[in-house]
Amino acid sequence: MINKKYSISAFFPVYNDWGSVPSMVLLLDRKLKQVAKEHEIILVDDGSDALTKKVLAELENRIENLKIIKHEKNKGYGGALKTGIYNSKYELIFYTDSDAQYNPTEIEMLVDKMNDNIDVVNGYKIERQDPLYKKLIGNFYLLITRILFKFKIRDVDCDFRLMRKSLFDNLELKYNSGVICVEMITRLTMRGARFAEVAVNHYYRTSDKSQFFNFKRIFNVANDLIKLWYRVMIKKDF
C-alpha cells in the first residue's frame, strides 16, 4: 500500500479530445484519492471545439477538485504544458495526454518510485501502439534528440511524468511546439535533476487524431530543435 506522502497537481492538455477526457479524468481522480494526501486536476483547454468545451463544463460541475484553464486560441502542445505546469499548486506535478494512449491509473507506479533522492519519474513505453510510420518517425526522433542533447532517459517522447514543482521555480520553458519535452528534459538534466524511469503501457488512439504527425508540424519541430540545440548546448542557456 502506498503511503500518502505527497500532494499532487495533475493536468491534461486538451485539444478536441471530447471522447476520452471524461474517463481519463474519472480514473485519475479515483486513483489520486488513493495515492495522494491532497490533489487537484487541471484541464488545459487549448482552444478546443464547442463539443469538447461542453464536455469539460459538465466535468467541472461533477468533479470536486477539478479546474479548467482555457486558451481562447490554440497555443500548441508546449503552450498547454506550460500553462499546466505553472498553474499547478502542489509539491508534485503529474501530466499525461487526454487521448487515452496512456492509462492514468498507472500514476501509482510513478508515485511508488518517487523518493527524496528523485526529482523526476519518467515513463517509457513498453511497446508503442501506433502505425508503423509513426513508430519509425518516433524512433528516429528519439535517437536524434538523445545524440544532440545527451540526456540519459530512454523515452523523452513519453508524456507520462511525475515531477517536483520546485524544479520550475526558476525555470522558464520557452517552446510552444512538441519540442518542449526535449527542452524540459534537457534543461532539467543540465541543472542536475535526478531521474528514475518506469515502464508504462501505451494504447492506440481512441479520440480525434494526432496533432504532431503532419509535415508542417514536423518541419516546425525540426526548426525548433536546431534553435534549442544552439541555445542550450552552445550558449549554455539552461
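Screening Leu43 against (1) within 16 Å of the chain's Cα centre (by Cα); (2) part of a helix (DSSP H, G or I) leaves a single unmet condition, (2). For Gly178, the stated conditions do not hold, so it cannot be described as surrounded by fewer than 20 Cβ atoms within 10 Å (Cβ to Cβ), closer than 26 Å to Asn74 by Cα and small (Gly, Ala, Ser).
Taken together, the residues in the range 1-47 that are of a type outside the set (Gly, Ala, Ser) and within 19 Å of Gly76 (Cα to Cα) amount to 14. Scanning the range 69-101 for residues that are buried (at least 17 other Cβ atoms within 10 Å of the Cβ) and either within 23 Å of Lys4 (Cα to Cα) or of a type in the set (Val, Ile, Thr) (or both) returns Thr83, Gly84, Ile85, Ser88, Tyr90, Leu92, Ile93, Phe94, Tyr95, Thr96.
Each reported figure results from applying straightforward, stated rules to the coordinates on display, with no laboratory input. Since we're looking at a predicted model, the values are computed, not measured. Neighbour counts are summed over all protein chains in view; Cβ atoms, including those assigned to glycine, are modelled from backbone coordinates with ideal geometry.
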